[in-house]
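Notes follow the structure.
The values are calculated or read from the model by the stated rules, or taken from the named source; none is laboratory data. Quantities reported herein were computed from a predicted structural model and do not represent experimental measurements. A quick note on method: Cβ atoms are made from the backbone with ideal geometry, for glycine too, and the neighbour counts reach across all protein chains shown.
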Amino acid sequence: MKKSLPTLAVASATALLLSGLVSTPAVAATNTATVTTATIKTASPSTVYKGGLYVETWGAAATAAKNLTAAGKTAEAAAARTIAAQPVAIWLSGYYSDTELVALINRNIVAAEKKGTTPVFVTYNIPGRDCSSYSAGGAKDDPSYLRWNSLVANTLKGHRAAVIVEPDSLGHLSTCPEKIPSREATLKSAVTAFYNAGIPAYLDGGNSNWVKAPVMAERLKASGISKARGFYTNVANYRTEAQEKTYAEELSRLSGPDVHYIIDNSRNGKGWNGQWCNATGAGLGRTPRIAVNGVKIDAFLWVKTPGASDGPCNGGPGPGKWFGSYAISLVANRAW
């Protein structure tokens, strides 16, 4: 079953900030990393995410809240503020020039280090992204992508951060199997770049209603799970924590030693109702948090930006654009 598409909210979140980003001061040379290549697989979740999860104060939801307030849309603005108060992963793509990309990363690194927290970034620029569906795009070819990925890895090197590598990139291979050889090789090179930079990276683990664990485990192995921190599940989807944890524990066991995982809780407050795009009746999941009593689970995160549309379905705008009425519904149905 195809999962819900992750979306980029970069256009709506940062259109007003790009001119300021390019003048962001360089990050201090002090090494703030808490994980090394030797401990990427073995460090505790509290070490990987030392200080807790970083809240970006100029993300998509915060930008939407500001704009909606100015427009007098008080209910939509209130919902956006509720979402903006939580740590949400920061999406990176080819939307940015190299200068803007580095500045955006540095700006968040500087802010996170001032707060003593850990930012989570998402790379979303793989060639042939989304198998040409709603969120199609990505780098023009594998060499271009790996150059871009190295820029991200080298910018993060020496700093505390975690990276969600290319949502849908492995789950979608069932839809476009002709991409399997090049996709797995490219992801393996990308993960190796993060490993060499000492950055914990997580590969795509799909979700419990998509690819069977034995099949996904083979894809993870071929894509460099041995040098990743682990994998993630449920990005932009609606499966419950319990469903995902059962699946992820099996997938971790099949994928090799010390394979950790995270679960995206952003829209699983009501669980899955059979829809994949801007599903009606969905609610925000439990707020993001670091796992303390799990076996291999590291954290429950909001990877997908709640309130950013999956695409033109169920009354939504294009992918990544803010969907104000849907944000109200997500907050109304929240799990906490």
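Key figures for this structure:
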item: Selection count where residues are surrounded by 16 or more Cβ atoms within 10 Å (Cβ to Cβ), outside any helix (DSSP H, G or I) and either without any contact (Cβ under 8 Å) to a residue 24 or more places away in the chain or of a type in the set (Val, Ile, Thr) (or both), scope the stretch 110-159; result: 6
item: Ser182 vs. criteria in contact with a Ser or Thr (Cβ under 8 Å, 6 or more places away or on another chain), at pLDDT below 95, more than 22 Å from Ile40 (Cα to Cα) and not basic (Lys, Arg); result: no
item: Residue satisfying all of: in the stretch 55-75; loosely packed, with under 15 Cβ neighbours inside 10 Å and small (Gly, Ala, Ser); nearest to Glu113 (Cα to Cα) among these; result: Ala70
item: Any chance Ala80 is out of contact with any Asp or Glu (no Cβ under 8 Å at 6 or more places or on another chain), part of a helix (DSSP H, G or I) and either at pLDDT 95 or above or of a type in the set (Ser, Thr, Tyr) (or both); result: yes
item: Residue within the stretch 245-259 that is modelled with pLDDT of 95 or more, under 19 Å from the mean Cα position of the chain (by Cα) and surrounded by fewer than 24 Cβ atoms within 10 Å (Cβ to Cβ) present; result: yes
item: Qualifying positions in the stretch 179-210 - acidic (Asp, Glu) and over 15 Å from Asp141 (Cα atoms); result: Asp204
item: In the stretch 279-302, residue modelled with the lowest pLDDT [restricted to those that are over 16 Å from Ala79 (Cα atoms), assigned to a loop (DSSP other than H, G, I, E, B) and in contact with a helix residue (DSSP H, G or I) (Cβ under 8 Å, 6 or more places away or on another chain)]; result: Gly294
item: Subset of the stretch 303-329 [modelled with pLDDT of 95 or more and buried (at least 24 other Cβ atoms within 10 Å of the Cβ)]; result: Val303, Lys304, Thr305, Pro306, Gly307, Ala308, Ser309, Trp322, Phe323, Tyr326, Ala327
item: Residue in the stretch 212-244 that is modelled with the lowest pLDDT, counting only those that are of a type in the set (A, V, I, L, M, F, W, C) and buried (at least 24 other Cβ atoms within 10 Å of the Cβ); result: Ala236
